[in-house]
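Report on one structure; see the data block that follows.
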Amino acid sequence: MNYQVQINAIKLGEIAGDGGVATTFAALGDTRKDTLTFNPTAPTFQKILVEEQDTPILNVMTEPGGLQITWMLTDWDATILTGLWGGTTVSGQWQEPAILPTVERSLRIEPRTGKPFIYPRCQITAQIQYDTTGKIFQIAVTAEKLQPTKSGTPAFMWGDPVT
């Protein structure tokens, strides 16, 4: 069954000091309609072959695959740019740093119906793009799922814990 899922919010938060999921999240800005995508990469396997058989005797996963989540922001300000790329804000003007930092955040995607998707640790990258069809500048944000540094914390959670 295929159905369209609408999003209430896509939020980022500072990874907890112990390496676990953020405790507070905030949206960067408005998400352009129909731009949220999940881009999984397939796992990599090594087939173990023997001379006596034509089919593998074992198929060992060498890399589990990954996940990139992308979306487009249609509005932003100097604070958002500083959060994505570092730099400084002087009199309301954002100024790019000489060396762009590596940005890691927790990610929370909240659908209008259903439970949230929570990724405790993601590497965040962003690029300003111009959409000639829609005549709009937008920021393409990409979150690459990473293993949390806190022991016992999963890389993906669905739903809020019951308290």
What is the diffusion coefficient of the range 1-78 in µm²/s, taking the Kirkwood radius over Cα pairs and the Stokes-Einstein relation at 25 °C with a viscosity of 0.890 mPa s? 146 µm²/s
Placing one identical point scatterer on every Cα of the range 63-163 and ignoring solvent, what is log10 I(q)/I(0) from the Debye formula at q = 0.20 Å⁻¹? -1.12
Rounded percent of accessible protein surface that carbon and sulfur make up, the chain, 1.4 Å probe: 52 percent
When the scattering of the range 55-112 is computed by the Debye formula from its Cα atoms alone, each counted once and equally, what is log10 I(q)/I(0) at q = 0.22 Å⁻¹? -1.03
Listed peptides 81-87, 28-34 by packing density, highest first (mean Cβ within 10 Å): 81-87, 28-34
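Rank these by accessible area, largest first, 1.4 Å probe: M157, M61. Provide the component values of the computation, followed by the final result.
Numbers: M157 55, M61 100 Å².
Largest accessible area first, the list is M61, M157.
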Defining a contact as two alpha carbons under 8 Å apart and six or more residues distant in sequence, what relative contact order in percent does the range 44-163 show? 22 percent
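Largest first, how would Y119, Y130 line up by accessible area (1.4 Å probe)?
Values: Y119 10, Y130 110 Å².
Output order, biggest surface exposure first: Y130, Y119.
Counting Lys +1, Arg +1, Asp -1, Glu -1, what net charge surrounds L67 among other residues with beta carbon under 10 Å of its beta carbon? Don't skip to the end; give the middle numbers.
Values: positive: K145; negative: E144.
Neighbour charge sum, excluding L67 itself: 0.
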By a straight-distance test (C-alpha under 30 Å), which lysines pair with K115 as possible cross-link partners, with residues fewer than eight away in the same chain excluded? K11, K33, K145, K150
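What is the local net charge at N39, summed over the other residues whose Cβ is closer than 14 Å to its Cβ (Lys, Arg +1; Asp, Glu -1)?
Details: positive: K145; negative: E144.
Net local charge, N39 excluded: 0.
Please state the relative contact order of the range 1-114 as a whole percent: Cα pairs under 8 Å, 6+ residues apart? Each step should come with its number before you reach the end.
Working: 182 pairs, mean separation 38.1, N = 114.
Once divided by the residue count of the range 1-114, the mean separation gives 33 percent.
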Net charge, T88 excluded, C-beta distance under 15 Å - Lys, Arg +1, Asp, Glu -1: -2
Grab the DSSP H runs of the chain that are 4 residues or longer, score each as -39,500 (n - 2.57), total them, divide by all residues and round the 222 nm result to the nearest 500 deg cm²/dmol. -1500 deg cm²/dmol
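May I ask you to list the GluC sites (Glu not before Pro) in the range 48-130 that are in a DSSP loop and have at most 11 other Cβ atoms within 10 Å of their Cβ? Spell out each step's value before the answer.
Working: sites: E51, E52, E104; in loops: E51, E52.
Qualifying residues, ordered by number: E51, E52.
For the chain, report the accessible area per residue in Å² (1.4 Å probe, heavy atoms, rounded to an integer). Kindly include the intermediate steps, with their values, before the conclusion.
Working: 10730 Å² over 163 residues.
Per residue, the chain has an accessible area of 66 Å².
The values are calculated or read from the model by the stated rules, or taken from the named source; none is laboratory data. Owing to the predicted nature of the structure, the values given are computational and were not obtained by experimental measurement. Every residue, glycine as well, gets a Cβ built from its backbone with ideal geometry; the counts of neighbours run over all protein chains shown. Side chains are part of the model used for accessible areas, which takes the heavy atoms of the whole protein and leaves out ligands, DNA and RNA. Shrake-Rupley method; radii C 1.70, N 1.55, O 1.52, S 1.80 Å.
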